[in-house]
Amino acid sequence: MNEPRKSTEDIVIYTSSNCGYCVAAKSLLRTKGADFTEINILLDPERRQEMIGRSAQRTVPQVFIGERHIGGFEDLRELDRSGELDNLLTNLYRTSPSDEKQLNDD
């Protein structure tokens, strides 16, 4: 059976220390079994400019799933409540047909 590909590059969350919404966003992603890359903009100030460029927002957390900007915790929670978060994660981790063919050919 094929295991889904999980790359921490696929989900990125920009955070800062002592941010309750950041903790809540990471906790929600973990409950979904999602691996993610955390970028603390206080520890890596150059990445703050990257976050602003990608999201046009200055507040944390800022969550990206693939290339899609989700927004902050409230946006992530709303996606979860609507069921769309599960769909995004399922589609993100689905193996492509070429990957399955290659595995079956081995």
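Just so it is clear, none of the values below were taken in a lab; they were calculated from the coordinates. Here the structure is a predicted model, which means the values were calculated and not measured. Please note: Cβ atoms are built from the backbone with ideal geometry, for glycine as well, and neighbour counts cover all protein chains shown.
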By residue number, the members of region 47-64 that are more than 14 Å from the chain's Cα centre (by Cα) and either assigned to a loop (DSSP other than H, G, I, E, B) or closer than 16 Å to Ile11 by Cβ (or both) are Arg47, Glu50, Ala56, Gln57, Arg58, Thr59
Name the residue that is nearest to the chain's Cα centre (by Cα), counting only residues in region 20-46 that are surrounded by fewer than 19 Cβ atoms within 10 Å (Cβ to Cβ) and in a loop (DSSP other than H, G, I, E, B).
Asp35
If you go through region 65-75 one residue at a time, how many are exposed (fewer than 15 other Cβ atoms within 10 Å of the Cβ), under 12 Å from Val12 (Cα atoms) and either without any contact (Cβ under 8 Å) to a residue 12 or more places away in the chain or in contact with a Phe, Trp or Tyr (Cβ under 9 Å, 6 or more places away or on another chain) (or both)?
1
